[in-house]
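The values are calculated or read from the model by the stated rules, or taken from the named source; none is laboratory data. Quantities reported herein were computed from a predicted structural model and do not represent experimental measurements. Heads up, the Cβs are rebuilt from the backbone with ideal geometry, glycines too, and the neighbour counts pull from every protein chain shown.
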Amino acid sequence: MKLSTITKQSRQGRKPKINWGRVEESERFAETVKLFRQGKLDSDLFRRFRLQHGAYGTRMTDDYAMVRIKLPAGEVYPHQLEKIATLSEQYSIGSAHVSTRQNMQLHWVILEDVSEILRSLAEVGLTSREACGNAVRNVMCSPVAGVCPAEEFDVTPYAVATAKFFLRNPLNQSLPRKFKFNFTCCEKHGMARMVDIGLIPQIKTINGQPRRGFKIFMGGGLGNRSFVGHQLEDWTPEEDLLYTSIATIRIFDRLGDRKHMERNRMRYLVNEMGWEQFQTLILKERAIVRMTQSAIVKLSVDETPQKLESHIRISGFDDKSIPDGFSRWRKGNTFAQKQSGYYSVSITLEAGDITANQLRALADISKEFSAEGYARTGFVQDVYLRFVSEDDLPRLYSKLLEVGLANPGSLTMVHPIGCSGTTSCNLALTNSHRLAKEIQRKFIELKLDEDEDLRESSIKISGCPNSCGQHQIATLGFFGGGGRVDKDMYPVYQMSVGGRSDGETMLGVTVMRIPAKRVIPATLKLIEVFKNNKKPGEDFKNWIHKVITGHADSQVKSVNDIKQILLPFTETPSIEQDKDFYADYGSDSSYHTRTGKGECAA
Amino acid sequence: MRSLSKTTTDADSLRGQIRDNSVRIIDVRRAEDYKKDHIPKSVNLPLAELLADDSPEKVLKIAQNLGIDDQTQVVVYDDTFGALASRVAWTLQYLGHSEVSLLDMTYSQWKGLGLETDNSETEISSKTHSIKLQPQIMSSAEYLEQVKEQKNVIVIDNRERLNFLEQHIPGAINIPYRTLASDDKILKPKEEMKRLLKNRNIPQDAEIITYCGSVGTLSGLAYYALKSADFPNVKLYVRSFKEWKGLNKPIVRQENANYWDLSAE
Ligand code: SF4
């Protein structure tokens, strides 16, 4: 990417180049809902149609839906943010939700209003098409691609081109199951090994010429059973990106399991067939695709240099007027880009939730502060502003502070992920969403974001064994369930430790079940034990890693030792002794599990 | 049914009417806001003053003191997305004054367009008005309870979604007041409003009762939104949910979900 062109900041903000929307789809949706309500359309067919258009079911009701707005590569422009703000007030709960897959979701939408949302989205170039259902889901791209100091080149245009190629493509309208792409910038920032196809950019020198290509991983994924992806080949040249993608989707379409709902993701196919055989099949299929399709299909990778806008700078911020907390925020929420003088800023949202007014403020802030003029959703229910001039950071901080978007520790362990849980998901057993918020509030209060030892660690929470909250790749992962003392039920979390999604990707190791209301104290206890046992320079993530891989050199040698330490937290008081223990977060009545048909949603 | 006068008045028409002195404009903002500036020749009736006692006798007095007789064309505006203005307009209609409409934008939008404002008080000479109450546009709690199960009756709750989920009148459907407006007008264009209601399967000939949280403002706006979409039979449950709860009438909620925890407020 060349950063040459400097243009003047426009008042309306920058507009996207790609229009993902189609107004006709909104009309068709409205008509189809009618047919369904009149009983003229079978409910399974309707469900498929609804999902294909990006509308999920909602917990315990047929009256409401969740609309998942696809943001390919996470890119979202100011006027789009404003539109989403308005839509959230008109048709949803006045807040939107940023998902772990860079979507923005509107929950508790009346099914009959979904078409109005689709129409408004199309007006600003957005779509929810194929955001759910058995299709290529939102194509993810590292929110720091293009600015990451460790990356070899910017993968954003490739991610966007891939999204463009597959959206509404007949190839991907009825796959055995959903299919996920993830483009990362480097080994550290991403999860290339935990998706159907994950890519890391890599430049290879061939005959003295640097050439672009990828490390491609396949067959990974999180779920009831999780698998780590396999690398297809040493290096895949960029010309082969599309052919590889098509070949993989064709193989999955042909051989994937359409009968067994619980094992129809591609990772099960890879697992059953064995990696070598799968790999051979893909390479063969790719040769066929290359031969038969090369003349007609090509990824349209947009290589035009990105325009950076000059800032209208309002007089400097002198040291005295810098609001409190700035340096704490700067440390835990920003980092220097590879472009000198520019910073990327991560905005942490509590469990991904953002109000309509905050969305509007974000629209203004991205116009004012980001030289690229738009925002990007991240991988952990957060939002990035990039190309912020270093001098502008204090002023940006005070703007964010005004609208409640300046919580510290976005890039640290105090920023957990919580899937939607019982706030809206049919399969949820616990209020994982609220637990994430509780942890964040507590940890910020304890200033744990300032603890260097915890920075690289993560906490991720799912409301049931499905891993929408990605608990298996977290340093501390939790998934919800129900416990019982005689006939009284209480919410619990299965805890796992040591999961990671970087170059040494591994799934967390199961520790034990911890009652929901003990998760916070148990976590703090584990941190305390770590502090007492760590070697100088060792951080929490590495310490845990050593414990679970049998390389521990402190008192705590194994998962079993962790279990012993945390055992006191599993004691169950009687309901008379402690009523609160038997109620989940966000509820004052006694806990009971209740689930419906599954269409999960982080 | 009374003749349907138009629901809203646009800025151009109002400016014309101001020029020929053929309109009584009511500003329903607070007195101190009105004093700062207002639309030229408007008179001030803060909503709170009306709500203090909105019995027909008192409203009649207020109308007469504002110089309104049976024939006066009245246009009402506010700076609260039309909800307060709606409540005042509806009250005049209930009294029997048919020539009343809403300015189709808020005062801020009026100012934003650079249109005329003024800060001098308007002199008023009081007029005589008759009382011809219009019970067909009003619903009481008793009436609502009586008819809500009927097939052609639709009860619409205009509060925000989370409040609706938490509790509402059994059988009511939810159209949050934000849904009624467009970006620059207090009401959506007629065709859009019609489409929304059609998607919701609300038949044109239904008897509709709107309500909101407490004093019938948000639902007043909905009353006019429905009028603008040519729904002839709309009633405002003017004492709304606050009274309904106070009377211990039945309430339902969306169970088994912690939707409040999805809000970032
Ligand atoms: S299905 Fe997914 S979103 Fe729903 S509770 Fe389970 S993990 Fe969370």
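Kindly establish whether residue A:377 is within 14 Å of chain B (Cβ to nearest Cβ), of a type in the set (S, T, N, Q) and buried (at least 24 other Cβ atoms within 10 Å of the Cβ). Steps first, please.
On the way: within 14 Å of chain B (Cβ to nearest Cβ): no; of a type in the set (S, T, N, Q): yes; buried (at least 24 other Cβ atoms within 10 Å of the Cβ): yes.
For residue A:377, the condition - within 14 Å of chain B (Cβ to nearest Cβ), of a type in the set (S, T, N, Q) and buried (at least 24 other Cβ atoms within 10 Å of the Cβ) - is not met.
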Set A:203, A:197: member being under 18 Å from the mean Cα position of the chain (by Cα) and at pLDDT 95 or above: A:197
Taking the range B:1-29 and keeping residues polar (S, T, N, Q), within 18 Å of the chain's Cα centre (by Cα) and part of a loop (DSSP other than H, G, I, E, B) leaves B:5, B:7
With respect to residue A:467, determine if the residue is touching a residue at least 40 places away in the same chain (Cβ under 8 Å), buried (at least 21 other Cβ atoms within 10 Å of the Cβ), among the small types (Gly, Ala, Ser) and away from the ligand (no atom under 11 Å from the Cβ). no
Considering every residue within the range A:517-533, establish whether at least one is within 16 Å of the ligand (Cβ to nearest atom) and either out of contact with any Ser or Thr (no Cβ under 9 Å at 6 or more places or on another chain) or at pLDDT 95 or above (or both). yes
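Test residue A:372 against the stated conditions and say whether it is in contact (Cβ under 8 Å) with a residue 40 or more places away in the chain, over 19 Å from residue A:72 (Cβ atoms) and out of contact with any Gly (no Cβ under 8 Å at 6 or more places or on another chain). Walk me through how you get there before you give the answer.
Working: in contact (Cβ under 8 Å) with a residue 40 or more places away in the chain: yes; over 19 Å from residue A:72 (Cβ atoms): no; out of contact with any Gly (no Cβ under 8 Å at 6 or more places or on another chain): yes.
It is false that residue A:372 is in contact (Cβ under 8 Å) with a residue 40 or more places away in the chain, over 19 Å from residue A:72 (Cβ atoms) and out of contact with any Gly (no Cβ under 8 Å at 6 or more places or on another chain).
Tell me yes or no: at least one residue of the range B:134-152 is within 14 Å of chain A (Cβ to nearest Cβ) and either basic (Lys, Arg) or under 21 Å from residue A:91 (Cα atoms) (or both).
Our first condition is that a residue be within 14 Å of chain A (Cβ to nearest Cβ); within the range B:134-152, this holds for none.
No - not one qualifying residue is present in the range B:134-152.
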Scope the range A:327-355; condition within 14 Å of chain B (Cβ to nearest Cβ), of a type in the set (S, T, N, Q) and either within 15 Å of residue A:375 (Cβ to Cβ) or part of a helix (DSSP H, G or I) (or both); matching residues: A:348
Based on what the data block shows, is residue A:159 small (Gly, Ala, Ser), within 29 Å of residue A:477 (Cα to Cα) and under 16 Å from the mean Cα position of the chain (by Cα)? yes
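Out of the residues in the range A:450-463 meeting the condition of being within 11 Å of the ligand (Cβ to nearest atom) and more than 14 Å from chain B (Cβ to nearest Cβ), tell me which one is farthest from the chain's Cα centre (by Cα). Step through it out loud before you land on a result.
Residues of the range A:450-463 that are within 11 Å of the ligand (Cβ to nearest atom), as a first pass: A:460-463.
With the extra rule that they be more than 14 Å from chain B (Cβ to nearest Cβ), the set shrinks to A:460, A:462.
On the way: A:460: 11, A:462: 13 Å.
Per the stated criteria, the residue is A:462.
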Going by the structure shown, is residue A:405 of a type in the set (A, V, I, L, M), in contact (Cβ under 8 Å) with a residue 24 or more places away in the chain and assigned to a helix (DSSP H, G or I)? no
What helices (runs of 4 or more DSSP H), lying completely within the range B:137-231, carry at least 2 residues that are under 19 Å from residue B:243 (Cβ atoms) and of a type in the set (A, V, I, L, M, F, W, C)? B:141-147, B:218-228
Taking the range A:412-449 as the region of interest, how many residues are more than 11 Å from chain B (Cβ to nearest Cβ) and either in contact with a Gly (Cβ under 6 Å, 6 or more places away or on another chain) or polar (S, T, N, Q) (or both)? 8
Restricting to the range A:67-117, name every residue that is more than 30 Å from residue A:472 (Cα to Cα) and small (Gly, Ala, Ser). A:85, A:88, A:92, A:94, A:115
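Residue-by-condition table, conditions (1) within 12 Å of chain B (Cβ to nearest Cβ); (2) hydroxyl-bearing (Ser, Thr, Tyr); (3) within 24 Å of residue A:461 (Cβ to Cβ); (4) out of contact with any His (no Cβ under 8 Å at 6 or more places or on another chain):
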residue	(1), (2), (3), (4)
A:40	no, no, no, yes
A:56	no, yes, yes, yes
A:71	no, no, yes, yes
A:90	yes, no, no, yes
A:103	no, no, yes, yes
A:107	yes, no, yes, no
A:116	yes, no, no, yes
A:123	yes, no, no, yes
Quick check on the range B:229-262: of everything there that is crowded, with 21+ Cβ neighbours inside 10 Å and polar (S, T, N, Q), which residue is farthest from the other protein chains (Cβ to nearest Cβ)? B:240
Single condition residue B:159 does not satisfy, out of (1) without any contact (Cβ under 8 Å) to a residue 40 or more places away in the chain; (2) surrounded by 19 or more Cβ atoms within 10 Å (Cβ to Cβ): (1)
Only residues in the range A:120-134 that are basic (Lys, Arg) count as the first member; pair them with residues that are part of a loop (DSSP other than H, G, I, E, B), Cβ under 7 angstrom, at least 6 apart or cross-chain, and list the lot. A:129/A:53; A:129/A:54; A:129/A:167; A:129/A:168
If you go through the range A:498-521 one residue at a time, do you hit one that is surrounded by fewer than 19 Cβ atoms within 10 Å (Cβ to Cβ) and basic (Lys, Arg)? yes
Helices (runs of 4 or more DSSP H) wholly inside the range A:498-602 containing at least 2 residues that are polar (S, T, N, Q): A:519-533, A:559-566
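Give the residue that is nearest to residue A:459 (Cα to Cα), with candidates limited to residues of the range A:476-525 that are among the hydrophobic types (A, V, I, L, M, F, W, C) and in contact with an Asp or Glu (Cβ under 7 Å, 6 or more places away or on another chain). Break it down stepwise before answering.
Within the range A:476-525, the subset among the hydrophobic types (A, V, I, L, M, F, W, C) is A:476, A:478-479, A:485, A:489, A:492, A:495, A:497, A:506-507, A:509, A:511-512, A:514, A:516, A:519-520, A:522, A:524.
Add one more test, that the residue is in contact with an Asp or Glu (Cβ under 7 Å, 6 or more places away or on another chain), and what stays is A:516, A:520.
Details: A:516: 14, A:520: 11 Å.
Among those that are among the hydrophobic types (A, V, I, L, M, F, W, C) and in contact with an Asp or Glu (Cβ under 7 Å, 6 or more places away or on another chain), it is A:520.
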Complete set of residues in the range A:414-428 that are assigned to a loop (DSSP other than H, G, I, E, B) and either more than 8 Å from the ligand (Cβ to nearest atom) or more than 20 Å from residue A:499 (Cβ to Cβ) (or both): A:414, A:415, A:416, A:420, A:424, A:425, A:426, A:427, A:428
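I'm checking my understanding of the structure. Among residues of the range A:483-509 that are within 16 Å of the ligand (Cβ to nearest atom) and more than 14 Å from chain B (Cβ to nearest Cβ), which one is nearest to residue A:220 (Cα to Cα)?
In the first step, residues of the range A:483-509 are kept if they are within 16 Å of the ligand (Cβ to nearest atom); the result is A:491-496, A:499, A:507-508.
In the following step, the residues that additionally are more than 14 Å from chain B (Cβ to nearest Cβ) were identified as A:492-496, A:499, A:507-508.
Values: A:492: 28, A:493: 24, A:494: 22, A:495: 22, A:496: 19, A:499: 14, A:507: 11, A:508: 15 Å.
This residue is A:507.
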